Each structure stands twice: as structure tokens, then as C-alpha cells.
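Engineer: Take a look at the following structure, please.
The values are calculated or read from the model by the stated rules, or taken from the named source; none is laboratory data. Computed from a prediction, not measured in an experiment: that's the story for all the values here. Every residue, glycine as well, gets a Cβ built from its backbone with ideal geometry; the counts of neighbours run over all protein chains shown.
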Amino acid sequence: MDSLWKPRTYKCSRLILEGNVVGSIDESFTLRLEANVDELDVQCTELSLIVKVATRQGSKLGQRTLLAHVPDVRYICVSNHAALDTMFWIDRPEAVQLFCWSHSRVNVRNMAASLDRLHLSCRDRSTMRVQGVLHLQSFNAVCTDHSELALVGECVTPSARLNVDQAKVNWHVNGKIDSIVMSAWNNSVVSVKGHCTYDSALIEIDNQSHINPTNVSGYSMTVRNLCLRLERQSSIGGIRTTRSLTLNCRHEVRASVHHASACEIAYEEQDKSKTSCVILIPCDDDEEFTTTTVDSLEQSVPGTDCVAATPRIAAVKPPHMPVTPMVVEEPVVKPTKPSSAPRFECVVCMDTAPNMLVDCPHVCVCEECVATQRVCPLCKQPWISAPRKVYIA
């Protein structure tokens, strides 16, 4: 076995792995990378440790090993068929970002973190699994392009956002989340398990996506105030609400939502041309419930196209009484410098305004992140020239 570097400490906050490399970070933040390649392209800057694996065609493969100590890493990007197994113990109020792109794998074990923000990104047929105890000020996760994301453990945060687009997510979380926005689009599947309570939730499901498709009898997600929007052959099950429920369903959808006896139920304005929605809303006090037909529902609740359940709904909100839909307030981030112009953010770190121009016309990365990219994050055009700093008025 050929060791490329001896163990030493590298002061860097970013770790970028690209290529056919398998790595791990142990509890002492010692990075170990192994790759069966001809050579490793290693660059170390003040902010980043970049390891790029490239195998030349026709070259003789050999095993290379990289050992390094990276105690201050808060940004990890794994891409292009790379794999990383790591664990974290973080108790400083900082942000951590994990990116897994292009057929790569990331496994985070026993993560104990108390952070201001945690951002997870998994895309392009990649796999990411995060397991541990998280105490956060805000949480954001994105899973797209036939990827798989799993979050397992305990999570306590006042604000969470989950965006799933043509992907699969396992949300197996215990704890307490004050406000969550969960969106699933384009044949996505989200499995929700665990004993986590939510004060308010906005759930949007569209285009043949499903949340808890097999759990329609019991419930695994308890929400105090729930706003539910379903469209185009989507479905949801296993949800329980205790205070208020707002429904906006259209275009052949199905929902099974348990509600408490004192829960207020409101129907938003529906598309009258579509009458294929099935909404099953059993009460916790009732062991059995019946489903009415579309015609009978339209006679009792004008302007809706849903199929309701249990006569208790009519007792809670009579048809002649005005119904005010619930409004889920999303967390508002106050800008540091108020300005009337729209605020642009770097597509990599999402913190700093982009100000670098390379070979393509996209100004989408900041001065710190341009050193970590080899192609444009938007159009994928290779960057060959030196980056130029631009000023946007």
C-alpha cells in the first residue's frame, strides 16, 4: 500500500472529494481516502482541501492512500462516484453543509450536533444517510434526480424544510419541530415514521407523489395545525391533526387524515371541473366512518370536489357558515441590509452574493466557492480561464 501523505493537520473548512475514491472520517477527524487509480490530484488552499481522482485511459491502476487530519471541516462535497463514511460531534454555533452529487454515497453515523443551520443536498442518483441527535435553529434538505435521502434519529428545531423532486426520502425522526414545509413533486415517495410532534405544517404533494403510501390505517405524524395541498394523482396517509386542518385537493388525489373531535376543518376553493378526490377523515373517537358520494358532498359543501368522511365534519363547520382557511406562517429571515433590489445568493454556499465570472455567462458563485468548482453549477460548462470578479449594482 502506497501512502501519499503522512498524517498531519490541515486547517481547512471545506472538503471536496471527486472521483472513484472511498473515504472515511473517524471520531478524531482523521481523513482516510483509498482509491485504485493511477494518481490523485490534491490541492490544499486556505479554505479547501480538494481531492480529485482521475484515471487516464490505458494507465495501470494502483492503490493510493491519503491520510490527513481535518478538525475544522464544516463543508463536505462528495461527487462523481465518490463515497464517504463519517461521524461528527459538533457543539459550536455554526452551519454545516453536506453535498452528495453524481452517483455518490455519504453515510453520517452518530452525528451529535448543536448548530445554527444544517443543509443537506442529495441529487443525481446519489444516496445519503444521516443518523444522530440534532439540535438546530434551522434545517434544510433537498433530494432530487432519483436520489435517496434518509434522516434517522432525534431532531429538535423551530424551522425545517424538505424538498423532494423525483426522489425517495425516509423521514424517521423523533423530537419536536415547530414549523415544517414538506414538498414532494414528480413521482416522489416520502416515508414518515417516528414520534415527532409538529406545531404547524405545510405539506404540498404534486404529480403522482406520495407520503406514507402504505400507512393509511394508523398515523405516524402528529400536527397541531395542518395545511394540506394535493394535486394530480397524489396521496397522503398516516397524518393526525389536533387543532385545524385546511384542505386544497384536486385532480384525482387521495388523503387519509385523522383528526381530533374538536378539530376545525376547512375546504379551500376547489377546481369544479375535477371531481375525483377522495378524502377520508376519521375522527379519533370513532372506530368506523362512512364515505359519502361526490354528489352528496357538493350538495352539502358547495364549491368543493372532495369526498368527505364522517358526519362530524358538518357538525364542526355547517355549510352556511363562512370558513377561513388556516394560514401557515413560514419562518421569516430578516435581511441584514434592507434593499429594494432582489437578493441573489451563491448556488453553492447560499450565503454570499455571487460575484465571479469565468467562461460561461452565469454569475452564480461567490469568491470563496469559485475555487471549489471545475464546471458551472448551472450549465455544466467546464471552467478553464481564470475567474474574474464582477460588481453588480
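Engineer: Can you tell me which residues in the range 132-156 are crowded, with 22+ Cβ neighbours inside 10 Å and among the hydroxyl-bearing types (Ser, Thr, Tyr)?
Structural biologist: Ser147
Engineer: Identify, please: which residue in the range 1-60 is crowded, with 18+ Cβ neighbours inside 10 Å and in a loop (DSSP other than H, G, I, E, B) and is, among those, modelled with the lowest pLDDT?
Structural biologist: Filtering first and then ranking leaves Cys12.
Engineer: Could you tell me which residue of the range 97-124 is nearest to the chain's Cα centre (by Cα), considering only residues that are surrounded by fewer than 21 Cβ atoms within 10 Å (Cβ to Cβ) and more than 19 Å from Asp85 (Cβ to Cβ)?
Structural biologist: Ranking the candidates gives His119 first.
Engineer: Does Ile177 satisfy the criteria of being buried (at least 24 other Cβ atoms within 10 Å of the Cβ), touching a Phe, Trp or Tyr at 6+ places or on another chain (Cβ under 9 Å) and under 19 Å from Leu151 (Cβ atoms)?
Structural biologist: no
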